[in-house]
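To keep things clear, I will list the structure first and then write my remarks on it.
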Amino acid sequence: MGAGVAIGELHVPVLLTETLDALRPHAGGRYLDATVGLGGHAEALLIESAPTGHLYGLDRDAETLVLAKERLRQFGDRVELFQGDFAMLGAIAAENGWGPFDGILFDLGFSSFQLDDASRGFSFMRDGPLDMRMDRHGDGISAAELLAKLSEREIERVLQDYSEERWARRIAARIVQDRREQPLTSTAQLARLVAAAVPRRAWPRRIHVATRTFQALRIAVNDELAGLRRGLQDAIGLLATGGRICIISFHSLEDRIVKETFRGWARSDPPRVHLLTKRPVIATEREIEVNLRARSAKLRAAERC
Ligand SMILES: C[S@@+](CC[C@H](N)C(=O)[O-])C[C@H]1O[C@@H](n2cnc3c(N)ncnc32)[C@H](O)[C@@H]1O
């Protein structure tokens, strides 16, 4: 973080008003932010639930959590933060004596703080090591290691399954061909490779030609979709009757999981939730103008019966 940059400027929370409308924080309430990030949503939940609301925050990324701690220190013992993966939410909550909660938030994906740090390897816009791990001090493998070890067919499957990339076969073939010459270790190298593999006439107009490949690898490196399914199942078990759950997702694969999970809960006998959003809530034009990240955000919310 550069000198003089406030933590709040490193990442602008998306759909903030809509999140507060969905969760309706109140004094005395207990809230879980399963992806606390830079603490933007968490701070608003604490302000709205003053003076006695409590916030429990989780993030997989240790570096992010240091900044969240600093930002939320002003709220004293109303805040408890923990480094961990929401896929392990049930175990983490049991270990720390957390829950039941009146509100639970998952704001998925990564923050602008992570994206802007070239050394994390999330972005094709900045050259850096091909890492992409949310928790780079954990024992998971990096995107570079993954691309070195998977077969051509497996790479193709990752690209198809996690980003619906039309050119998966060609990109996978190119990766395997190029890695024979030299290992793939940098984001710029991978972005150039994708651009060379996809015919220029087929480049997407609204996004970079490598966007999908980077998304797919990030999902695979962090096992994001299976983790989301597990996290949601743990979360519903931790929600108090009348408590609300709110999920913000950033691509169709995540949104599909959230939609289907919520529907399953609503249709079970007896129903476990009633849906607060029949269709996902999306950002206003005004929000998108000031925060481009909000363009792909979708919010779904439900209330525990
Ligand atoms: C979009 S950011 C959250 C931003 C936050 N709402 C704010 O206003 O500052 C998503 C955060 O989720 C974290 N994250 C992603 N997957 C996670 C997981 N499986 N478990 C815990 N945290 C995760 C990322 O490290 C990142 O900090």
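Here is how the numbers come out for the structure above:
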{"quantity": "Per-region count, the stretch 82-119, residues crowded, with 19+ Cβ neighbours inside 10 Å and aliphatic (A, V, I, L, M)", "calculated": "7"}
{"quantity": "Selected residue (criterion: most open to solvent (accessible area, probe 1.4 Å)) from residues of the stretch 150-186 that are out of contact with any helix residue (DSSP H, G or I) (no Cβ under 6 Å at 6 or more places or on another chain) and under 27 Å from PHE250 (Cβ atoms)", "calculated": "ARG166"}
{"quantity": "Failed item, numbered, when HIS54 is tested on (1) more than 12 Å from the ligand (Cβ to nearest atom); (2) touching a Leu at 6+ places or on another chain (Cβ under 6 Å)", "calculated": "(2)"}
{"quantity": "Subset of the stretch 36-46 that is among the small types (Gly, Ala, Ser) and either out of contact with any helix residue (DSSP H, G or I) (no Cβ under 8 Å at 6 or more places or on another chain) or assigned to a helix (DSSP H, G or I) (or both) - its residue that is nearest to the ligand (Cβ to nearest atom)", "calculated": "GLY40"}
{"quantity": "Qualifying residue in the stretch 214-233 (condition: within 20 Å of ALA297 (Cβ to Cβ), out of contact with any Ser or Thr (no Cβ under 8 Å at 6 or more places or on another chain) and of a type in the set (Gly, Ala, Ser))", "calculated": "yes"}
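To keep it simple, each residue is scored yes or no on (1) in contact (Cβ under 8 Å) with a residue 40 or more places away in the chain; (2) farther than 30 Å from VAL5 by Cα; (3) within 18 Å of the chain's Cα centre (by Cα).
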{"residue": "ALA93", "(1), (2), (3)": "yes, yes, no"}
{"residue": "SER111", "(1), (2), (3)": "yes, no, yes"}
{"residue": "SER119", "(1), (2), (3)": "no, no, no"}
{"residue": "GLY128", "(1), (2), (3)": "yes, no, no"}
{"residue": "ASP135", "(1), (2), (3)": "yes, no, yes"}
{"residue": "GLU152", "(1), (2), (3)": "no, yes, no"}
{"residue": "GLU164", "(1), (2), (3)": "yes, yes, no"}
{"residue": "GLN177", "(1), (2), (3)": "no, yes, no"}
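Residues are listed down the side, and each one gets a yes or a no for (1) among the acidic types (Asp, Glu); (2) open to solvent by 10 Å² or more (accessible area, probe 1.4 Å); (3) within 8 Å of the ligand (Cβ to nearest atom); (4) within 26 Å of PHE122 (Cβ to Cβ):
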{"site": "VAL5", "(1), (2), (3), (4)": "no, yes, no, yes"}
{"site": "LEU15", "(1), (2), (3), (4)": "no, no, no, yes"}
{"site": "THR19", "(1), (2), (3), (4)": "no, no, no, yes"}
{"site": "ALA27", "(1), (2), (3), (4)": "no, yes, no, no"}
{"site": "ALA34", "(1), (2), (3), (4)": "no, no, yes, yes"}
{"site": "LEU58", "(1), (2), (3), (4)": "no, no, yes, yes"}
{"site": "ALA62", "(1), (2), (3), (4)": "no, yes, no, yes"}
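The values are calculated or read from the model by the stated rules, or taken from the named source; none is laboratory data. These numbers were taken from a predicted model, which means no experiment stands behind them. Note: ideal-geometry Cβ built from the backbone for every residue, glycine included; neighbour counts use all protein chains shown. Accessible surface is based on the protein model in full, side chains and every heavy atom, while ligands, DNA and RNA are left aside. Shrake-Rupley method; radii C 1.70, N 1.55, O 1.52, S 1.80 Å.
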